[in-house]
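The values are calculated or read from the model by the stated rules, or taken from the named source; none is laboratory data. Keep in mind that what you see is a predicted model, and the values were worked out from it rather than measured. All Cβ positions, glycine included, derive from the backbone under ideal geometry; neighbour counts span all protein chains shown. These accessible areas exclude ligands, DNA and RNA; they are computed on the full protein's heavy atoms, side chains included. Shrake-Rupley method; radii C 1.70, N 1.55, O 1.52, S 1.80 Å.
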Amino acid sequence: MAKGDSNRDGDAAGTPQPSVTQQILTSIVQNTDDAVISRDLDGKILTWNKGAERLYGYKMSEAVGKPVSIIVPDDLPPDDRDVVRRIRRGEHVEHYVTTRQRKDGSKVVVDLTVSPLRDKRGRFIGISSIARDITEQSMMLKRQREFISIASHELRTPLTALTGYLALSQGADDPLQANEFTRRAYQAAQRLTKLVEDLLEVARLEEDRVVLDLAPFNPSAIVEESVQELAPVVRQKRLQLRLKDELTGRDLVKVDPVKFHQIVRNLLDNALKYTPSGGRVSVNLTSSGDVVRIRIKDTGIGIDEKNLEKIFDKFFREYTELSVHAGGTGLGLFITKQLVDRMGGTLAIRSRRQQGTAVTLEFPKAKVRKRKTAAKRKK
Ligand code: ADP
């Protein structure tokens, strides 16, 4: 700023006018997205920009003159008082993360930069602060931390089994026993691989990195293929698996075929996994109005009613004798639901403990443009 800038901007009557520089600064403060406020030594609000109006919900006229405590939650963390003490000592505090309260009572996580306000003689007359809303980032960080902590915990189980069985097989004198330990180590390695694959898919979904190659096609072939792939499990567990397909060649859905296969496989895997030997699993493909419906029903162990709302949560598993034995990651239904949503479909689960589970997948029918007839083309 040029020295004496403000003196050159007086009007004819000699009334001091804000200098151009001051006008620019005021405009920047007014128009920034950040909430910029200042208060005096008693905590009374002196200035309140548009960003503060947006962030905290109070208009300038409502906030100026009020105590700054209107935006400070009652359960103020002790650090907040420490920051005020530091400012009073003349320090400048940057990127201090804390919580503030909006007019409607909701909380907002803010990144604050706080500085002392001084008059021309350098006397401390108040505090100015710039707040940026980081609620979204802080939620994301919290979710990421939780995810990493659960994922590492889940990875440890098959990893411990894998190293344990390998050590046992190395130390075993009996070749038959060594063979059995190696087989178990191999199973643990497979569980580990599945868990890592699922974790990577979850990370891709959460970071929006899943690329879907959507194209209209008839779902029958993929469902049939999935049913056939599972024939060995059906035989081994002595289950009955029936497929009833009522779709016609015109019942097309617009989905990514690879992901659609993953969805059907996961739901079928679950139906077979959670149905004890001798049980039945049925798959029905029907067309109803504008949707194609795929229903997978089993006569298995079912899900406790109180757990149905958690069934799509990451890592959620019910701990029954069968599910502990069957193993799993608790990520399958989370991934499945996310994929179905992204492809414009719906996924609903009805279930009762010991009575079986019915999973219904619905996808809107793809609108296929009719080809123009030869007569129309001539016109
Ligand atoms: P998992 O890898 O454990 O099978 P999912 O996310 O696919 O993970 O399923 C979450 C939980 O929902 C399972 O652990 C199981 O408790 C329950 N579940 C899912 N499908 C069925 C089903 N068809 N019958 C009974 N329980 C089921």
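Below are the figures for this structure:
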item: Amide H contacts under 5 Å for Val97, placed H, 5+ residues apart; result: Leu112
item: For Leu243, distant residues with modelled amide H under 5 Å away; result: Val283
item: Amide hydrogen neighbours beyond the local backbone of Gly126, cut-off 5 Å, H modeled; result: Leu117
item: In Å², nearest 10: area of Arg191 left accessible to a 1.4 Å probe; result: 120 Å²
item: Extension reserve of the Ile148-Ser282 stretch, reckoned as 0.36 nm per residue once the Cα distance is removed; result: 44.5 nm
item: Exposure of Arg132 as accessible area (Å², to 10), given a probe of 1.4 Å and all protein chains; result: 130 Å²
item: Check: region 136-209 dipole with +1 on Lys, Arg Cβ and -1 on Asp, Glu Cβ, in debye; result: 100 debye
item: Translational diffusion coefficient (Stokes-Einstein; Kirkwood radius from C-alpha pairs) of region 328-367 at 25 °C, 0.890 mPa s, in µm²/s; result: 213 µm²/s
item: Relative contact order for the chain, counting Cα pairs under 8 Å that sit 6 or more residues apart, in percent; result: 10 percent
item: GNM flexibility winner over the chain from Arg81, Arg235, Arg209 (Cα, springs under 10 Å); result: Arg81
item: Measure of compaction for region 115-253 (Cα Rg per 2.2 N^0.38 Å); result: 1.96
item: The chain - Rg and Dmax from Cα coordinates, angstrom; result: 32.0, 108
item: Accessible-area value, His261, 1.4 Å probe, nucleic acids and ligands omitted, Å²; result: 50 Å²
item: Cα-projected label distance for Ile24 with Arg86, points at 7 Å along beta-carbon direction, nm; result: 3.1 nm
item: Region 17-133: C-alpha gyration tensor shape, a/c 1.5 cut-off, then a/b vs b/c; result: oblate
item: Near-label residues of region 27-53 by backbone N, under 15 Å of a point 7 Å along Cα→Cβ of Ile70; result: 36-40, 43-53
item: Sequence of Asp34, Asp213 from largest to smallest accessible area, 1.4 Å probe; result: Asp213, Asp34
item: The chain: angle of helix 175-206 to the longest principal axis, Cα-based, in degrees nearest 10; result: 40 degrees
item: Sequence of Glu362, Glu206, Glu201 when ordered by accessible area, the most exposed leading, probe 1.4 angstrom; result: Glu206, Glu362, Glu201
item: Computed label-point distance, nm, for sites Asp174 and Gln17 using a 7 Å Cα→Cβ extension; result: 10.1 nm
item: Rel. contact order, % - alpha carbon contacts under 8 angstrom, at least six apart, region 212-369; result: 26 percent
item: Under the Karplus curve 6.51 cos²θ - 1.76 cosθ + 1.60, θ = phi - 60°, whole-Hz ³J(HN,Hα) for region 38-48, x wherever Gly or Pro sits; result: 9, 9, 8, 5, 8, x, 7, 5, 9, 9, 8
item: Region 17-133: relative contact order as a whole-number percent, Cα under 8 Å and 6+ apart; result: 25 percent
item: DSSP beta bridge pairing in the chain, given as percent antiparallel to the nearest 5; result: 90 percent
item: Residue-by-residue Karplus 3J(HN,Hα) for region 233-239, coefficients 6.51, -1.76, 1.60, Hz, glycine and proline x; result: 5, 4, 5, 4, 8, 6, 9
item: Degrees between helix 257-273 axis and first principal axis of the chain (Cα, 0 to 90, nearest 10); result: 60 degrees
item: Whole-Å semi-axes of region 66-145's equivalent ellipsoid (Cα gyration tensor); result: 26, 15, 11
item: Inverse of mean 1/r across different Cα pairs in region 212-369, Kirkwood, Å; result: 15.9 Å
